[in-house]
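*Asks:* Take a look at the following structure, please.
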Amino acid sequence: MDVIINVVSTCVVEVGKFVSKCIYPKIENVVHFSSKIENLRKEMEKLTKFRDEIKEKVEGAEGEGYKPKPDVIKWIEDVLELEKEWETMKESIAEAKALTYKCCPKCSLRSEVSTQAQNIRDQLCRLKEVGENLGSNLVIENYRMKKVEHIPGPSIEGQPAATRNLNELLRLLEDDKVCIIGVWGPGGVGKTTLVKNLNNQLLANVPSSKLSFGVVIWVTVPKPPIDVRKIQEQIASRLNLKVDKEGNVERNASKICERLEKEASFLLILDDVWEAIDLDDVGVPQPEYPARSKVIITSRVGGVCKQMRTDVEMKVHTLDEDESWLLFAKNVGDIVNLEQIHPLAKEIARVCDGLPLAITVIGKSMRGKTKVELWQDALNSLSKAEPHDKDVEKKVYKVIKWSFDSLESQDIELSSEQRRKHVNKKRGDIRSCFLYCSLYPEAIPTDDLIHCWWGEGILGDHDMYEEAYNRGITMIERLKDACLLLEYHGMVVFPQQVVDCVKMHDVVRDVARWIASTFGDEHTSVFQAGSHIKISASVKRISFISNEIECLPDCFTKCPKTTSLLLQGNKPPEKIPHEFFLEFPALRVLNLSRTGIRELPSSINSLHQLRALILRRCFKLKELPPVANLHNLQVLDCYRTLLHCLPQGMDNLTNLRLLNMPVSDMKSINKGFFLKCPRIEMLNMPHSCLGSFDEISSLHNLTYLCIRVDSSSCLNRDYTWTWMTRLKGFIIEVGETPIDVPYNKSIRAINVDQCEIFSNGELSGMLQFASDLNLYDCMGLRKLIAYNTFNGLKLLKIYCCSCSFGPVEGGSGKFDALPNLEYLDLYSVDNLKSVSDFGQYLGLRFSKLRHLVISQCASLTCLFNNGGTCSVPEHLEEIIVENCHQLVELFVQCSSSDQTTLVNSEIPRVLKLDLDKVPQLGTLGEPQSIWEHLEELTVTNCDGLRKLPLSVQTSENIKIIKGNSAWWSQLEWDDENFKSNLEHCYKEW
């Protein structure tokens, strides 16, 4: 019986436990129902707030062109689903709360709701944990362009009329019924300025979702005839889309259309449209109602807007008198408030008739002029300008003509003593310089312009090229100061060369051409659009720049007065008619640059007055005809042609000042050639080989030289190099090297091939004048510089060196041969183990070294030995290391017995570090204070570098860190917060 009782008791107890376990949670859910639901509500509110914060960060990053990570998108979607489930459950919660005092059987609803709430809580905890683990790394690298790019231009802040126009444009962009907007008005009224400010306003922050375009595209439309390809190229460039520049227009249009249709919306701004453009031809989808995408065009002609079927035409009007005065006063400055000047300034502002361009030009020209007489003269000049009708554009001509008239003669700026010295020598005609600029349609290369001015004789009578060039720069700066020339910020880039340029405002160019036409035959010029050539016999200057001229006619009108013929930028013509140049007996300037010509006709030899012959980048030109009759030629520029020999008759060019002929495979120059060109100043013939410097040294006017000489011609140690003191710039190649030094008038570089043959100091005299030394395939490096101290050398580049950098017999020398060395570049130096060894071998202290570049050095194991005789240079700012596979450490500490502690003043402040293909490097090294000022770090293909110094991790100076995403994600950090703090600096490379 006892056994039975024990068994039954045990069963009862177990059943009781099981029942309690099942019932208790339900009882708890019923008893604590309200408190649990309230806690869950608070947790859901926190999660929603957290979700909103993440979403705001992601949307902000998307505005910069970044893409949210897939797991971030999924997390946001999961939170939204949970919020929906919570909202659905709220009715059941309310019903369950209403049963508080009802019968107990109804409590089953509370239990059921509590179970659902527990399920939501479990999901909430999981999502909260996932969200927190996302950290700040929410997006991936920029996968497309920014939505809006900043467009430089003047601000309209403080200009009520312009601000009203801007607000009206913003309103039209929000109107779903408006697809295409036309902004029109006279030249110089501020149309371009208005839409630039609109673009930048969209970039800044417009508080309206309707103004959040997927991409805003700015296109400056080329002048007629419209070139659809050039418009397509600008759009494609903005969209990071590759199109064939020479390919089929329709195919390019298809690509652009397909790409734009992927955008939720776009805004296309077409600035300065002169003729109607078919958007379908370009590849722009026609915006349709309801208009999420928009097109804005600006034009001087209202009819163009109508032809492009604009929905709204907004005319930009000139300023009223009050606003004109505010803008004028802003440009002049506080002197407008002076008692005697104020009424004159008011009247001049009124004469400008509200045109912003005219107000700005006149205002800036009067800035700083405090004498009343200057203001009275300005007003009087404006009043006497040739009258025009009431058309605003002609009033623009009137006021800008006054700026032209106010360009004073240089002579009045000279003292009486200077005027006596310069009697019968004009200092240059700045007005003619200004008018000449109107011959160019767009960007104007500075050197090209000055050479033409000099050839025309409008820079004055200068015996020296350098004087004329300096005068040309002065003229350009004066025209820029007068707002008649502008900086060209785009910069024209050609292979291996960036060309400095200026430009003219469109309206100013129109005015200049109008002025030129009013001076009669002396200044009459012809500017032709299109390929059909038509001119008159009395024309003074002819400009067909970039006109796509297919061929020049055999029978050309006789032009006895023409002094300039500008044909550059016309690639189609390959041949010039045989007698073509016989029609231009007075020609002084001929520019055929960037044309497709293969040869020049012999009739060019008849141009007895020719001063400048410019043939830059004629890539098909292989030979020149005889030029013996071009006695007055001063500039012969054949940069980047295929010429392989000098033309016949070069000996007769005794007035030649500039010879630019850096052509490949140039045959040896005949002995005595340079003796017959005694006035030459600029000689750029890097591929031409001289037998000796004897003739060059006799050119007393020479200031710039680029030439190659035989190594054998430099073996005379006793040769006197004092003639080099006359040179302000030079590139001298000793032997034949593959080293390419960009053309630069101020550089003083020497390139040497196989320097071991100069082991007795034969080049020491020449090196005394150099700032840059480039060595190729060198073995006798130490002996080359062992005989002197070269204070002028600041740059040393070594290419392909097999020297042994072991201990030097007799020590490394008592003096530093290169005490002012700032830039060291070592490429393929095979036996180099460290830069310290290199310094000890040559006896260099690196006391002023700032830039260090090392690449392809297979034996390099470290850069410097700290504490040794050649420690880290204290002024080092930039380190670049590439393809050094054995490099283990940047800086190696010497053994404790001879280690020297660096004081703070000796520790360099490295600003830039670039490492590429250095797989063995595991650390950046000590002392960490070296990296405290680091601003830019680039690491690629350096798998061993897994941790950055603490001084970098905690740096407030670092601005950019580049590297691949795998390297960045695997970096080890002393604190994860350090990574978060630097996340904004990282860019995938």
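None of the figures in this text is laboratory data; all of them are computed from the coordinates on show. Just so we're clear, the structure is a prediction, and the values are computed from it rather than from any experiment. Note that we place each Cβ from the backbone using ideal geometry, even for glycine, and neighbour counts take in every protein chain shown.
*Asks:* Using the Cα centre of the range 591-689 as the reference point, and only Cβ charges (+1 on K/R, -1 on D/E), how large is the resulting charge dipole? Debye, rounded to the nearest 20.
*Replies:* That gives a dipole near 200 debye.
*Asks:* Taking the number of other C-beta atoms within 10 Å as the exposure measure, put Asp278, Asp718 in order starting with the fewest.
*Replies:* Lowest to highest Cβ neighbour count: Asp718, Asp278.
*Asks:* Specify, per residue and in Å³, the volume enclosed by the convex hull of the alpha carbon atoms belonging to the range 321-385.
*Replies:* Spread over its residues, the Cα hull of the range 321-385 gives 70 Å³ apiece.
*Asks:* Subtracting the Cα-Cα distance from 0.36 nm times the residue separation, let me have the gained length for Arg909 to Asn981 in nm, one decimal.
*Replies:* Contour length minus Cα-Cα distance gives 23.7 nm.
*Asks:* Still on this structure: May I ask you to compute the full-extension gain from Leu582 to Asp651, defined as 0.36 nm times their residue separation minus their alpha-carbon distance, rounded to one decimal in nm?
*Replies:* Taking Leu582 through Asp651 to full extension adds about 22.6 nm, to one decimal.
*Asks:* Which value, in debye to the nearest 20, gives the size of the charge dipole of the range 295-371 about its Cα centre, when Lys and Arg are +1 and Asp and Glu are -1 at the Cβ?
*Replies:* Charge dipole of the range 295-371: 380 debye, to the nearest 20.
*Asks:* Please give, to one decimal in nm, the separation of the simple spin-label points placed at Asn240 and Glu174, each 7 Å out from Cα toward the Cβ.
*Replies:* If labels sit at Asn240 and Glu174, their model points lie 3.2 nm apart.
*Asks:* What's the ranking of 606-617, 173-184 by average number of surrounding C-beta atoms within 10 Å, highest first?
*Replies:* The peptides rank, most packed first, as 606-617, 173-184.
*Asks:* For Asp278 and Thr789, what is the calculated FRET efficiency with R₀ set at 45 Å and r taken between the beta-carbons, to the nearest 0.05?
*Replies:* Once rounded, the FRET efficiency stands at 0.05.
*Asks:* Right, here's the next one. Any idea how far apart Thr923 and Arg350 come out in nm if each label point goes 7 Å out from Cα toward Cβ?
*Replies:* With each label point 7 Å from Cα toward Cβ, the separation is 8.0 nm.
*Asks:* Enter the mean projected area of the convex hull around the alpha-carbon atoms of the range 160-315, in nm², rounded to one decimal.
*Replies:* Over every viewing direction, the Cα hull of the range 160-315 projects on average to 8.7 nm².
*Asks:* Within 10 Å of each residue's Cβ, count the other Cβ atoms and sort Ser593, Ser847 from fewest upward.
*Replies:* Taking fewest neighbouring Cβ atoms as first place, the list is Ser847, Ser593.
*Asks:* For the residues Val872, Val709, what sequence is obtained by ranking on other C-beta atoms within 10 Å, fewest first?
*Replies:* Result, fewest neighbours first: Val709, Val872.
*Asks:* Now a separate question. Considering the Cα trace of the range 663-807, what is its radius of gyration and what is Dmax, both in angstroms?
*Replies:* Expressed in Å, the Cα Rg and Dmax of the range 663-807 come to 14.8, 52.
*Asks:* Under a plain spin-label model, where a point goes 7 Å from the Cα along Cα-to-Cβ, how far apart in nm are Glu112 and Glu874?
*Replies:* 8.4 nm
*Asks:* Classify the range 819-989: rounded, prolate or oblate, from the alpha-carbon gyration tensor (a ≥ b ≥ c, eigenvalue square roots; a/c under 1.5 rounded; otherwise prolate if a/b is larger than b/c)?
*Replies:* Judged from the Cα gyration tensor, the range 819-989 comes out prolate (a/c at least 1.5, a/b above b/c).
*Asks:* By a straight-distance test (C-alpha under 12 Å), which aspartates and glutamates pair with Lys177 as possible cross-link partners, with residues fewer than eight away in the same chain excluded?
*Replies:* Of all the aspartates and glutamates, those that pass the test against Lys177 - Cα under 12 Å, at least 8 places apart if same chain - are Glu288, Asp311.
*Asks:* Same structure, new question: First measure r as the distance between the Cβ atoms of Trp723 and Ser517, then evaluate 1/(1 + (r/R0)^6) with R0 = 41 Å and state the FRET efficiency to the nearest 0.05.
*Replies:* After rounding to 0.05, the efficiency reads 0.20.
*Asks:* Can I ask one more? For the range 775-786, what does the Karplus curve 6.51 cos²θ - 1.76 cosθ + 1.60, with θ = phi - 60°, yield as ³J(HN,Hα) per residue in whole Hz, taken in order and with x for Gly and Pro?
*Replies:* Per-residue couplings from phi come out as 10, 10, 6, 9, 10, x, 5, 5, 5, 4, 10, 7 Hz.
*Asks:* Under the 0.36 nm per residue contour assumption, what length would be gained going from the current alpha-carbon distance of Asn820 and Thr940 to full extension?
*Replies:* Here the segment from Asn820 to Thr940 would lengthen by 40.0 nm.
*Asks:* Taking 22 Å as R0, compute the FRET efficiency from the Cβ-Cβ separation of Ser92 and Lys42 and round it to 0.05.
*Replies:* E between Ser92 and Lys42, to the nearest 0.05, is 0.75.
*Asks:* Alpha carbon centre of the range 159-209 versus the range 614-632: separation in Å?
*Replies:* When both Cα centres are located, 52 Å separates them.
*Asks:* Hey, which of these cross-link pairs are over 23 Å Cα-Cα: Lys797/Lys917; Lys540/Lys745; Lys230/Lys571?
*Replies:* The answer is Lys540/Lys745.
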